[in-house]
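The values are calculated or read from the model by the stated rules, or taken from the named source; none is laboratory data. Since we're looking at a predicted model, the values are computed, not measured. Here the Cβ positions follow ideal geometry from the backbone for every residue, glycine too, while neighbour counts run over all protein chains shown. Ligands, DNA and RNA are excluded from the accessible area calculation, which covers all protein heavy atoms including side chains. Shrake-Rupley method; radii C 1.70, N 1.55, O 1.52, S 1.80 Å.
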Amino acid sequence: MSSSGLTAREILPADGCRGALVGRVWRPDAAGPSVVAIRADSVGEARVVDITAAFPTVSDLCEARDPGTALRGAAGEDLGGLDAILANTPPDDRDPARPWLLAPVDLQALKAAGVTFATSMLERVIEERARGDLAAAAAIRAEVERLVGHDLRRLKPGSPEATALKAVLVAQGAWSQYLEVGIGPDAEIFTKAQPLSAVGCGADAGLHPDSRWNNPEPEVALAIASDQRIVGATLANDVNLRDFEGRSALLLGKAKDNNASCAVGPFLRLFDDTFGLDDVRRTTVTLEVSGTDGFRLEGTSPLAEISRDPEELAEALMGRTHNYPDGALLLLGTMFAPIQDRHGPGLGFTHAEGDRVVVASPELGSLVNRMRPCDACEPWTFGARALMRNLAARKIL
């Protein structure tokens, strides 16, 4: 990805550095990652301050009693302006001797909630019926909408009304596993990727090279501490392979968890007096896809239209039966399932190599990535063992 146009002003929230923004950078001089605070200097420039001595991992910071206050109070080393570090992040232009931006989470489990918006729920049903065949989707879409209807946003999952609709659809032979988790009593929570494997803003995001039908999924992700406190939020792209998942729901792992297939960032905004869970509920996530072929796609995903409240999804993730001692990042799902024709009439949308994807919201900034085959993206080699050894060698642990 070229660094052209990728600036601090572009990726920061609308209120700049006013919020409690935490991120991670790779420090070549330390041969490892550092936790950083994004702070404005006296002239308003965004600076990157290494606070790893106070909080060795973002997971540690999220476990603090008040993470936002703890971040603001942490002293650290100024690594320079955000513009310079961001410009050095895209792999094509990177100077390996200078710092670059990483995903803003580390040891947290990377989890996702599926089928949380009515629009994307219907698209999952269409994938299932098409068995991953893109060419068959248009006719099936019309039939599914005839049977189920266009607007299920007012239907509360697990309610008596949802149960009654289920009975009707079962009688018509139209029930689906996606409708089960979309309007049934139990939310779908799955593992998106492994801790430390997410890529950040400016990095390449990965598509499985065998996929012929895929799409971005612009989402908000919640940072959740081990005691189930929701402590902040960020943006995510839950890259999805519609052909793999459509062939069989048992291929969900292959459809979702591939090298560089989980993009997160640009920063984690911790809750404080400038930003809280109600702001998450009110935000609208936007998507822009710009292809090297001149193709352009835009969409929106208002969180107000989510079927299950973010707190309800956090409770479904974590509790007596599910423990996450290092916390978790929970992607909340998307209502955006693009169907705009790109490669021919009736063929709908799928990515092309080199697509520039921008996931954005006013409160959380912009997450920018270039799409490439996952085997052409930078390989993930720095796992939990490497992190512990690196922090120990730096005498931080």
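A few comments on the model shown:
- Residues that are touching a residue at least 60 places away in the same chain (Cβ under 8 Å) and of a type in the set (Val, Ile, Thr) within segment 360-388 comprise just one, Val368.
- Filtering segment 302-353 to residues that are of a type in the set (Ser, Thr, Tyr), under 23 Å from Ala255 (Cα atoms) and modelled with pLDDT of 85 or more leaves only Thr350.
- A single entry from Thr69, Thr89, Thr52 fulfils the requirement of being more than 21 Å from the chain's Cα centre (by Cα), assigned to a loop (DSSP other than H, G, I, E, B) and among the β-branched types (Val, Ile, Thr): Thr52.
- In the condition set (1) closer than 17 Å to Leu235 by Cα; (2) in a loop (DSSP other than H, G, I, E, B); (3) among the β-branched types (Val, Ile, Thr), Val43 is compliant with all but (1).
- Checklist (1) modelled with pLDDT under 95; (2) over 17 Å from Leu330 (Cα atoms); (3) under 19 Å from the mean Cα position of the chain (by Cα); (4) not in a helix (DSSP H, G or I) applied to Gly202, failing item: (1)
- Enumeration of residues in segment 285-309 that are more than 27 Å from Asp186 (Cβ to Cβ) and polar (S, T, N, Q): Thr286, Ser290, Thr292, Thr300
- Applying a threshold of 7 Å to beta carbon distances and a minimum spacing of six or more residues, or different chains, the list of pairs starting in segment 289-307 at a residue that is under 14 Å from His343 (Cβ atoms) and ending at one that is crowded, with 16+ Cβ neighbours inside 10 Å and acidic (Asp, Glu) reads Val289/Asp355; Gly291/Asp355.
- Of the numbered criteria (1) open to solvent by 10 Å² or more (accessible area, probe 1.4 Å); (2) more than 27 Å from Val285 (Cα to Cα); (3) in contact with a helix residue (DSSP H, G or I) (Cβ under 8 Å, 6 or more places away or on another chain); (4) not aliphatic (A, V, I, L, M), the one Gly76 fails is (3).
- Segment 338-377: number of residues that are touching a strand residue (DSSP E or B) at 6+ places or on another chain (Cβ under 7 Å) and in a loop (DSSP other than H, G, I, E, B): 12
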